[in-house]
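One structure below.
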Amino acid sequence: MELPKRYNAEESEKKWMKFWEKEKIYSFNPESKAEIYSIDTPPPTVSGKMHLGLSFSYSQQDFVARFQRMLGKNVFYPFGTDDNGLATERMIEKMKNVKGQFMKRKEFVDLCLKTLEEIRPDFIYNWKRIGISADYSIYYSTINKHSQKISQKSFLDLYKMNRIYRKRAPFVWCPECQTAIAQVEMKDSKRESNLVYMKFDTSKGKQIVIATTRPELLPSCVAIHIHPNDKRFNKLIGAKAKIPFSNREVKITTNKDVDMEFGSGIVYHCTFGDMDDVKWMEGLEIKPIEIMNKNGTLNDKAGRFKGLHVKKARKAVIEALKEENRIYKIEPIKHVVNVHERCETDIEILTTDQWFIKYLDLKNDFIKYGRKIKWYPEHMRSRYENWIHGLKWDWNISRQRHFGIPIPAWHCKQCNEIIVAEEKQLPVDPLVDKPDKKCKCGSNDFIPEKDVLDTWATSSLTPDIAAELFKDNKIFKRLLPMNLRPQAHDIITFWLFNTVVKSYFHHKNIPWKNVMISGWALDPHGKKMSKSKGNVVDPNEMLKKYSADALRFWAAGSNLGEDLPFQEKDLVTGQKFITKIWNASKFAFMHLKDYKLKKPKTMEIMDLWILTKLSKLAKESTKNFMDYEYSHTKLETDKLFWHTFCDNYLEIVKDRIYNPDKRGKEARLSAQYGLYHSLLTIIKLMAPITPFITEELYQAYYKKHENTKSIHLTKWPDLNLIDNKAENIGDFFVYVLQHVRRAKSEKNMSLKDPIKKVIAKSKITKADFEKIKDDLYATTKAEEIVFEPLNKESKIDYEVVVDI
C-alpha cells in the first residue's frame, strides 16, 4: 500500500480508536496462562473533565502498559471511574439545580446515579481519545453496587477486628461542606489576617495582653496559659482573668506548650481554635464551651454575637473590643492555616459523633510495608514515610453527606448498642434496610446510621474492586498483589497510603509490587495550573491543533516523578517527528515493495552498522522501560531516528536501492533487509509513546509480513544483531561523511555536488575500508578517496582531509 502524501492525524486517530475497540486489541484474557501484568488504574473523577495534568500522567502509565503488552504479557488494565464523593455531589447539584441536603437520601442518590450514567460515556471518551489502552470492558464505578459491597465488607471486617470505633469527640470539620474530614484532606494555605492584641483584666489588679488571630472565639475561652519558665508573668499563675463582654472569669495556668516568642507570650484557650486546644482540654480536664454551629455560625453561647458567621463575628468582636478600649494593637500578618483541600474553607474543630479506623499503633508496620514496595522514582518513598511519621489522629472515615456508600450499621434505641449488617445483606442502606436480627437486649427498634463512608475508604480498595470482577474465575488469585500502582505525587498521602493500610488489614500483604509516581503538568512559567490564574491549557484544544500522538510525545519528555512545564513547542516537535517518520516510511515502503523477507548471504557493513545501533538501543530501551524510565527511550529513539537513520542511513543505502544493476542484487537485498528491520524496530520502540502513527504505518506495510493484527500486539524488539566491528567501521564512515558535508556547506555547495578528493585515515584495516568504499563513493560524490591506515598506537581515531 502506498502512503498518501500527507498524514491526517485526526482521521487516522479516530479510525484506530474504533479498530482497537472492535478488534479487542487491549482485552485482558482471563483464560490465558501467560504472565500477568496487573495495573491498579487510577479511576478519574467524573466530576471534572480531563485536564492537561491528567493527560500527562495517564499517558505515562499507558507507555508502561503498552510496553508490557508487547513483552507478551497478559495485561490487566481495568478502567474505573471515581463517582463517589463530595465533588460529584456538588457537580450534580449544579447540573440539576438542586440541594441534596433538602432531598431524601434515596431520591438524591438515584438522581446522582442516573446523571452519572448519562455523562459517563462522553467522559470516558476523553481517555480513549488520547490512546489509553485500558480494557474498558473491565469497568467499575466507585459508587456502584459492586464497589459498595466491597467497601461495606471492609468496614465489617475491620469492625470485627476491633479496628473501627465510634466516638463523640472534637474533630476537624468543614463548615462549607458540613462534614467531618480526615487529616489527609487538610492542606496548608497562606492567608492574610490580623494578630489582635486584646486586654484582659485580672484578679491581681493588673491587665494582661493576649494576641490571637481568632478573637471571635472569645466567648468560648476556658483558660489562660502562661509558660512556667516565663518570668514576666509567673506572678499571675493561679490568678483569674475576666472575659470581656461577660461576667465569666477563667483561671490562669501554666502550660509548657506555650510559645513565649509568639505575640505577647500568653495564650487564651478557647473551644476550639485548633487541635492543641483539644489536647489541653483533655489533659487539664477543662469543660468546653462550644459556640460554633456546623455551618460556621455562632450559637446561643456566643451571647451578643449569636447567628453571625465566623468571619463576620471576627469583625464584630474586634469592633466591640475597640468600643471597650480593650485593643492594645492590631498587626497585619500572613500565616498558614489549615483548609479543606476540596473547597479551600478554613477548617473548624467541632464535637460530633464520628467513626474512626484505629491505626496510629501501626505506624512502624506501615513503614515496613512501604519498604517492601519498589518505588519509581525511589525518593518518593520519603513522602510516604514523612506522612506516616506526622500522623496525629486515627483515620476518620465517616462523612455527613447524602451521596456516598452508607455505613452499614444501626443503633439500638433501647440500649444504644451498635448493630452492623451481616455480609449476606450487602450492599445495604440502613435508612431503607433493617438488621437481620434483634439486638442482644431483645429490642427490634433501631436508629439507622445516617453517615456515609469517606470516599477514600472506598478508593483505597481499588485493587480489590478491580480484581473481584473476576472473583468467580480461577485467575482471580493471580491478580493480587498487583504489579503496578501508577499515580501522581500529590495523592501519596491520600490514595497510596490508605490503600497500603487496607491491604495490610485485609490481606496482610502489600497491594502492589511497584509504584510509579508522576509529576504535575505546569504552565509555561513552572506554575501550577488553575482556573483562577487563567493559565489552564485544555488538552482537547491541543488535540484539535496537533494530535494525540504529539500530546503523548510531550508527556514523554520528563523523567518520571518530575513536574513538566507545558511548552507548546514540544508538541510542535512531536508533530515534526510524526511528519518525518511518515515521509521516511513512504520512501522505505516504496523500495520494499518487492522485498520477500529474504536475508542476504552477505550483509553490507552499513546495514550491519544500523542494525547494531538499533539492537543496542532496543536492549537499553528494554532496561529503561523495566525501570519505568520511558523518557530515555523516547529521547534516544527520537535522536537515532533523526540523525542516524534519516540523516545518514537512508542516504547511504539510496545508491544500492536505486542502482541494483551497478551495485548488484545482493547489495540491494542487504539494503532492503536493513531498511525493513531498522524502520520496523523504530516503529516498535515508539509504539508505546505514539500509538496512532505507528499503527498506521504498521498496517500500511508490515502487517501483511508480520501476521499480527496490531503493532501493539507484536513482539517488543529484540534484534540481537550486534556486530561491534561493523559498528566501528560504520562510525568511521559517518565521520568521513560529516566532514565532507561540512566542507560542501562551507563552500555553499549542494550535498549532491561532486568533490575532487578525500583523504581518510583510520585504525581500521585496508580490507575493512574496501567493504565500505562503494557506499562512501556514492554518498560523498568524491572522484577519489584515499585511505591511509593509522597506527594502533595513534592518539587519534580518525582524520579526514577534503579537497573540494
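The values are calculated or read from the model by the stated rules, or taken from the named source; none is laboratory data. None of the values given here were measured: they were computed from a predicted structure. Please note: Cβ atoms are built from the backbone with ideal geometry, for glycine as well, and neighbour counts cover all protein chains shown. Quick note on the areas: whole protein, heavy atoms, side chains included, nothing else; ligands and nucleic acids left out. Shrake-Rupley method; radii C 1.70, N 1.55, O 1.52, S 1.80 Å.
Residues of the stretch 271-309 that are more than 30 Å from THR254 (Cβ to Cβ) and β-branched (Val, Ile, Thr): THR297 alone.
Residues GLY526, GLY561, GLY574: which one is in contact with an Asp or Glu (Cβ under 8 Å, 6 or more places away or on another chain), open to solvent by less than 40 Å² (accessible area, probe 1.4 Å) and assigned to a loop (DSSP other than H, G, I, E, B)?
Details: GLY561 fails: in contact with an Asp or Glu (Cβ under 8 Å, 6 or more places away or on another chain); GLY574 fails: assigned to a loop (DSSP other than H, G, I, E, B).
Just one listed residue meets the conditions, GLY526.
Pairs are defined by a Cβ separation below 8 Å, a sequence spacing of at least 6 or placement on different chains, a first member in the stretch 9-32 that is farther than 14 Å from PRO691 by Cβ and open to solvent by less than 80 Å² (accessible area, probe 1.4 Å), and a second member that is among the β-branched types (Val, Ile, Thr) and assigned to a helix (DSSP H, G or I); the pairs so defined are PRO30/ILE475.
Yes/no per residue for (1) basic (Lys, Arg); (2) modelled with pLDDT of 95 or more:
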{"residue": "ILE130", "(1), (2)": "no, yes"}
{"residue": "SER133", "(1), (2)": "no, yes"}
{"residue": "TYR159", "(1), (2)": "no, yes"}
{"residue": "ARG166", "(1), (2)": "yes, yes"}
{"residue": "PRO170", "(1), (2)": "no, no"}
{"residue": "TRP173", "(1), (2)": "no, no"}
{"residue": "MET186", "(1), (2)": "no, no"}
{"residue": "SER193", "(1), (2)": "no, no"}
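Taken over the stretch 354-369, the criterion of being closer than 21 Å to ALA182 by Cα and either open to solvent by less than 40 Å² (accessible area, probe 1.4 Å) or touching a Ser or Thr at 6+ places or on another chain (Cβ under 9 Å) (or both) is satisfied by GLN354, TRP355, PHE356, ILE357, TYR359, LEU362, PHE366, ILE367.
Taken over the stretch 137-162, the criterion of being open to solvent by 50 Å² or more (accessible area, probe 1.4 Å) and within 22 Å of the chain's Cα centre (by Cα) is satisfied by TYR139 alone.
Within the stretch 476-500, how many residues are within 22 Å of GLU35 (Cβ to Cβ), in a helix (DSSP H, G or I) and modelled with pLDDT of 95 or more?
Total satisfying the criteria: 2.
Picking from residues in the stretch 738-793 that are of a type in the set (A, V, I, L, M) and part of a helix (DSSP H, G or I), the one that is farthest from the chain's Cα centre (by Cα) is ALA767.
Table: residues versus (1) crowded, with 18+ Cβ neighbours inside 10 Å; (2) of a type outside the set (S, T, N, Q); (3) in contact with a strand residue (DSSP E or B) (Cβ under 9 Å, 6 or more places away or on another chain).
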site	(1), (2), (3)
TYR504	yes, yes, no
LEU522	yes, yes, yes
SER530	no, no, no
GLY534	no, yes, no
LEU543	yes, yes, no
ASP549	yes, yes, no
TRP554	yes, yes, yes
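Scan the stretch 705-730 for residues that are charged (D, E, K, R) and free of Cβ contacts under 8 Å to residues at least 60 places away in the same chain and jot them down. Explain how you work it out, then say what you get.
Going residue by residue through the stretch 705-730, those that are charged (D, E, K, R) are 706, 709, 715, 718, 723, 725, 727.
If the condition is that a residue be charged (D, E, K, R) and free of Cβ contacts under 8 Å to residues at least 60 places away in the same chain, then GLU706, LYS725 are the ones that fit.
Go through the stretch 671-689 and report how many residues are more than 17 Å from HIS712 (Cα to Cα) and out of contact with any Asp or Glu (no Cβ under 6 Å at 6 or more places or on another chain). Lay out the reasoning, then the answer.
Applying the first criterion (more than 17 Å from HIS712 (Cα to Cα)) to the stretch 671-689 yields 671-676, 678.
Narrowing further to those that are out of contact with any Asp or Glu (no Cβ under 6 Å at 6 or more places or on another chain): 671-673, 675-676, 678.
Going through the stretch 671-689 one residue at a time, the tally reaches 6.
State whether one or more residues within the stretch 453-465 are part of a loop (DSSP other than H, G, I, E, B) and more than 30 Å from SER57 (Cβ to Cβ). Taking every residue of the stretch 453-465 in turn, none turns out to be part of a loop (DSSP other than H, G, I, E, B) and more than 30 Å from SER57 (Cβ to Cβ). Between ILE657, ILE722, ILE729, ILE652, the distinction of being more than 37 Å from the chain's Cα centre (by Cα) and either of a type in the set (D, E, K, R) or open to solvent by 40 Å² or more (accessible area, probe 1.4 Å) (or both) belongs to ILE722 only. Cβ separations smaller than 8 Å between residues 6+ apart or across chains give the following pairs from the stretch 203-220 residues that are over 13 Å from ILE289 (Cα atoms) to residues that are among the polar types (S, T, N, Q) and surrounded by fewer than 22 Cβ atoms within 10 Å (Cβ to Cβ): ILE208/THR202; ILE208/SER264; VAL209/SER264; ILE210/SER264; ALA211/SER264; THR213/SER193; THR213/ASN194.
Report the residue count in the stretch 316-332 for those that are closer than 30 Å to LYS187 by Cβ and surrounded by 13 or more Cβ atoms within 10 Å (Cβ to Cβ). Going through the stretch 316-332 one residue at a time, the tally reaches 4.
Number of residues in the stretch 66-121 that are loosely packed, with under 15 Cβ neighbours inside 10 Å and of a type in the set (Asp, Glu): the value is 4. Evaluate the following for ARG399: is it open to solvent by less than 30 Å² (accessible area, probe 1.4 Å) and among the basic types (Lys, Arg)? Spelling it out, ARG399 is indeed open to solvent by less than 30 Å² (accessible area, probe 1.4 Å) and among the basic types (Lys, Arg).
Report whether or not SER762 is closer than 30 Å to LYS73 by Cα, open to solvent by less than 10 Å² (accessible area, probe 1.4 Å) and touching a residue at least 24 places away in the same chain (Cβ under 8 Å). Lay out the reasoning, then the answer.
Numbers: closer than 30 Å to LYS73 by Cα: no; open to solvent by less than 10 Å² (accessible area, probe 1.4 Å): yes; touching a residue at least 24 places away in the same chain (Cβ under 8 Å): yes.
No.
Within the stretch 266-292, being part of a loop (DSSP other than H, G, I, E, B) and either buried (at least 19 other Cβ atoms within 10 Å of the Cβ) or in contact (Cβ under 8 Å) with a residue 40 or more places away in the chain (or both) holds for CYS270, THR271, PHE272, GLY273, ASP274, ILE286, LYS287, PRO288, ILE289, GLU290, ILE291. For the stretch 32-41, does any single residue satisfy the condition of being in contact with a helix residue (DSSP H, G or I) (Cβ under 6 Å, 6 or more places away or on another chain) and polar (S, T, N, Q)? No, that holds for no residue. Of everything listed in (1) farther than 27 Å from ASP274 by Cα; (2) open to solvent by 20 Å² or more (accessible area, probe 1.4 Å), the single unmet condition for ARG342 is (1).
Do any strands (runs of 3 or more DSSP E) lying entirely in the stretch 378-451 carry at least 3 residues that are under 17 Å from GLU185 (Cα atoms), and which ones are they? I'd like the intermediate steps shown before the answer.
Numbers: elements: 409-412, 418-420, 446-448.
Passing ranges: none, list empty.
Among the residues making up the stretch 251-265, those that are in a loop (DSSP other than H, G, I, E, B) and either hydrophobic (A, V, I, L, M, F, W, C) or surrounded by fewer than 15 Cβ atoms within 10 Å (Cβ to Cβ) (or both) are LYS256, ASP257, VAL258, ASP259, MET260, GLU261, PHE262. For beta carbons closer than 6 Å, sequence separation of 6+ or different chains, a first residue in the stretch 73-98 that is farther than 19 Å from PRO42 by Cβ and a second that is surrounded by 22 or more Cβ atoms within 10 Å (Cβ to Cβ), the qualifying pairs are GLU89/PHE403; ILE92/CYS112. In the stretch 312-329, is there at least one residue being touching a helix residue (DSSP H, G or I) at 6+ places or on another chain (Cβ under 8 Å), on the phi < 0 side of the Ramachandran plot and of a type in the set (D, E, K, R)? There is at least one residue in the stretch 312-329 that is touching a helix residue (DSSP H, G or I) at 6+ places or on another chain (Cβ under 8 Å), on the phi < 0 side of the Ramachandran plot and of a type in the set (D, E, K, R).
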